[in-house]
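Asks: Just dropping this structure here.
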Amino acid sequence: MAENIFGTEPILCAPLLRRVDTKLIELLRDLHPEDWDRQTLAPAWKVRDVAAHLLDTVLRKLSMVRDRCFVEQLQIRSEQDVIDLVNRLNREGVAVYRRLSPPVLIEIMQSACRQSADFHEALDPFAPAEFNVSWAGESTSLNWFDTARELTERWHHQQQIREATKRPSFMTPDLYHPVLDCFARGLPHAFRTVESARGTTVQLDISGDCGGTWLLAKSDMGWSFAPALATQPAARVVIPEQIAWRVFTKGISRTDAIAQSSLEGDRHLGERIFHLTAIVG
């Protein structure tokens, strides 16, 4: 595989969950009382809501996947059913845990994060995951992808808190690049309805030390990642790493994201990259 071209290899990042969550605990302990009520990029959530969401999701995952505790009989018939369910569970979790005092929330978070890291590190990364990565269009996912998806959640919500409270970012290649790589895995699904000639390629470059290159190629079976560029791409998009995480998590408008990026070649194909949303809801 050509150097710095990604998308075709598994993202084996389970140990990074512990590191990202250690930074989360340090961040939360450093917040001032007024910081907890600062507005984040998520319109409906202040810092305390994002922290509550991070606690809720890790406890929910441990309960449902590790402990096999399902208190509801869920009927999922469509992608919209998934979105509605996740949005409801998120609302319910935030409504409960936002009421906790910072010391109580942090103490529970620390214990939950330790258990979560232990759990993910013990999984067989190539065994089927309990939940599929729906935004990538998969009906069944492997554990490595579900764990990478978990990393993106822990990373990008923590980044929301950091930006809201003017704390230093943690865009380091070891932690941020796997997040970007995971986000990009949703591109074939985002392009699924795009008609192009067989052999058409689209190149995404995320600039900066944490970025890289992803190549999409059209075949008779649809769009998929290619390990190397065989021909000149029909479209090439360059997104600065500073905004890339926002682009794929609804943290910036599509218009603003395109304005701050570079597009070459077929604009219709290039702009399709900005339709990828690598979160549910």
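Asks: Can you give me the number of residues within the range 223-234 that are more than 20 Å from the chain's Cα centre (by Cα) and open to solvent by 50 Å² or more (accessible area, probe 1.4 Å)? Walk me through it before giving the result.
Replies: Filtering the range 223-234 for residues more than 20 Å from the chain's Cα centre (by Cα) gives 223, 226-234.
Imposing the further condition that a residue be open to solvent by 50 Å² or more (accessible area, probe 1.4 Å) reduces the set to 227-232.
Count: 6.
Asks: OK, next. Suppose we keep only residues that are in a helix (DSSP H, G or I) and touching a residue at least 40 places away in the same chain (Cβ under 8 Å) within the range 135-145. Which one would you say is nearest to A14 (Cα to Cα)? Steps first, answer last, please.
Replies: Filtering the range 135-145 down to residues in a helix (DSSP H, G or I) leaves 135-136, 143-145.
Going one step further and asking which of them are touching a residue at least 40 places away in the same chain (Cβ under 8 Å), we end up with 135-136, 144-145.
Details: W135: 20, A136: 19, W144: 8, F145: 10 Å.
Only one residue tops the list, namely W144.
Asks: I'm trying to understand the selection: among the residues of the range 196-213, which are of a type outside the set (V, I, T), in contact with a Lys or Arg (Cβ under 9 Å, 6 or more places away or on another chain) and under 21 Å from S262 (Cα atoms)? Before the answer, list the steps.
Replies: In the first step, residues of the range 196-213 are kept if they are of a type outside the set (V, I, T); the result is 196-199, 203-205, 207-212.
Now drop any that are not in contact with a Lys or Arg (Cβ under 9 Å, 6 or more places away or on another chain), which leaves 196-199, 203-205.
Scanning the range 196-213 gives Q203, L204, D205.
Asks: Within the range 109-134, work out how many residues are in a helix (DSSP H, G or I) and at pLDDT 95 or above. So that I can check it myself, show each step before the final result.
Replies: Pass one, the range 109-134, residues in a helix (DSSP H, G or I): 109-122, 134.
Keeping just the survivors that are at pLDDT 95 or above gives 109-122.
Number of matching residues: 14.
Asks: Taking helices (runs of 4 or more DSSP H) that fall entirely within the range 1-99, which contain at least 2 residues that are out of contact with any Leu (no Cβ under 6 Å at 6 or more places or on another chain) and open to solvent by 70 Å² or more (accessible area, probe 1.4 Å)?
Replies: Counting at least 2 such residues, we get 14-30, 79-97.
Asks: Something else now. Please specify each residue of the range 40-84 satisfying the condition of being in contact (Cβ under 8 Å) with a residue 24 or more places away in the chain and either touching a His at 6+ places or on another chain (Cβ under 8 Å) or among the aromatic types (F, W, Y) (or both).
Replies: Those that are in contact (Cβ under 8 Å) with a residue 24 or more places away in the chain and either touching a His at 6+ places or on another chain (Cβ under 8 Å) or among the aromatic types (F, W, Y) (or both): W45, V50, H53, L54.
Asks: State whether one or more residues within the range 147-155 are part of a helix (DSSP H, G or I) and basic (K, R). Please lay out each step first, then the result.
Replies: Filtering the range 147-155 for residues part of a helix (DSSP H, G or I) gives 147-155.
From what is left, the residues that are basic (K, R) are 149, 154.
Scanning the range 147-155, I find at least one residue that is part of a helix (DSSP H, G or I) and basic (K, R), so the answer is yes.
Asks: If I106 satisfies all but one of (1) in a helix (DSSP H, G or I); (2) in contact with a strand residue (DSSP E or B) (Cβ under 6 Å, 6 or more places away or on another chain), what's the number of the condition it fails?
Replies: Tallying (1) in a helix (DSSP H, G or I); (2) in contact with a strand residue (DSSP E or B) (Cβ under 6 Å, 6 or more places away or on another chain), I106 fails exactly one: (2).
Asks: Further question on the same structure: Can you tell me which residue among L105, L175, L142 is touching a helix residue (DSSP H, G or I) at 6+ places or on another chain (Cβ under 7 Å), more than 21 Å from A44 (Cβ to Cβ) and either surrounded by fewer than 22 Cβ atoms within 10 Å (Cβ to Cβ) or hydrophobic (A, V, I, L, M, F, W, C) (or both)? Break it down into steps so the answer makes sense when it comes.
Replies: Values: L105 fails: more than 21 Å from A44 (Cβ to Cβ); L142 fails: touching a helix residue (DSSP H, G or I) at 6+ places or on another chain (Cβ under 7 Å).
Just a single option satisfies the conditions, and that option is L175.
Asks: For the range 235-250, check the following and say yes or no: at least one residue is on the phi < 0 side of the Ramachandran plot, at pLDDT 95 or above, of a type in the set (S, T, N, Q) and open to solvent by less than 40 Å² (accessible area, probe 1.4 Å). Reasoning before the result, please.
Replies: Within the range 235-250, the subset on the phi < 0 side of the Ramachandran plot is 235-249.
If we keep only those that are at pLDDT 95 or above as well, we get 235-249.
Narrowing further to those that are of a type in the set (S, T, N, Q): 242, 249.
Pick out the ones that are also open to solvent by less than 40 Å² (accessible area, probe 1.4 Å) and you get 249.
Yes, some residue in the range 235-250 is on the phi < 0 side of the Ramachandran plot, at pLDDT 95 or above, of a type in the set (S, T, N, Q) and open to solvent by less than 40 Å² (accessible area, probe 1.4 Å).
Asks: Specify which of the listed residues (S262, S224, S253) is in contact with a helix residue (DSSP H, G or I) (Cβ under 8 Å, 6 or more places away or on another chain) and of a type outside the set (A, V, I, L, M, F, W, C).
Replies: Numbers: S262 fails: in contact with a helix residue (DSSP H, G or I) (Cβ under 8 Å, 6 or more places away or on another chain); S253 fails: in contact with a helix residue (DSSP H, G or I) (Cβ under 8 Å, 6 or more places away or on another chain).
Result: S224 is the single residue among S262, S224, S253 that is in contact with a helix residue (DSSP H, G or I) (Cβ under 8 Å, 6 or more places away or on another chain) and of a type outside the set (A, V, I, L, M, F, W, C).
Asks: Can you find a residue in the range 193-202 that is in a helix (DSSP H, G or I), open to solvent by 40 Å² or more (accessible area, probe 1.4 Å) and modelled with pLDDT of 95 or more?
Replies: Looking only at the range 193-202, we keep the residues that are in a helix (DSSP H, G or I), and these are none.
Among the residues of the range 193-202, not one is in a helix (DSSP H, G or I), open to solvent by 40 Å² or more (accessible area, probe 1.4 Å) and modelled with pLDDT of 95 or more, which makes the answer no.
Asks: Which one of the conditions (1) in a loop (DSSP other than H, G, I, E, B); (2) open to solvent by 60 Å² or more (accessible area, probe 1.4 Å); (3) modelled with pLDDT of 95 or more; (4) among the charged types (D, E, K, R) does R167 fail to meet, given that it meets all the rest?
Replies: Going through (1) in a loop (DSSP other than H, G, I, E, B); (2) open to solvent by 60 Å² or more (accessible area, probe 1.4 Å); (3) modelled with pLDDT of 95 or more; (4) among the charged types (D, E, K, R) one by one, R167 breaks only (2).
Listed here are the residues, each with its yes/no results for (1) under 21 Å from A42 (Cβ atoms); (2) among the hydroxyl-bearing types (S, T, Y).
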| position | (1), (2) |
| --- | --- |
| R246 | yes, no |
| T249 | yes, yes |
| R254 | yes, no |
| D266 | no, no |
| G270 | no, no |
| A278 | yes, no |
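Asks: Could you check the range 251-281 and list, in sequence order, the residues that are open to solvent by 20 Å² or more (accessible area, probe 1.4 Å) and assigned to a helix (DSSP H, G or I)?
Replies: Correct list: R254, T255, D256, I258, A259, R267, H268, E271, R272, H275.
The values are calculated or read from the model by the stated rules, or taken from the named source; none is laboratory data. Given the structure is predicted, the values throughout are model-derived calculations rather than measurements. As a convention, Cβ positions derive from the backbone with ideal geometry for all residues, glycine included, and neighbour counts pool all protein chains shown. Remember, those area values only see protein heavy atoms, side chains included, never the ligands or the DNA or RNA. Shrake-Rupley method; radii C 1.70, N 1.55, O 1.52, S 1.80 Å.
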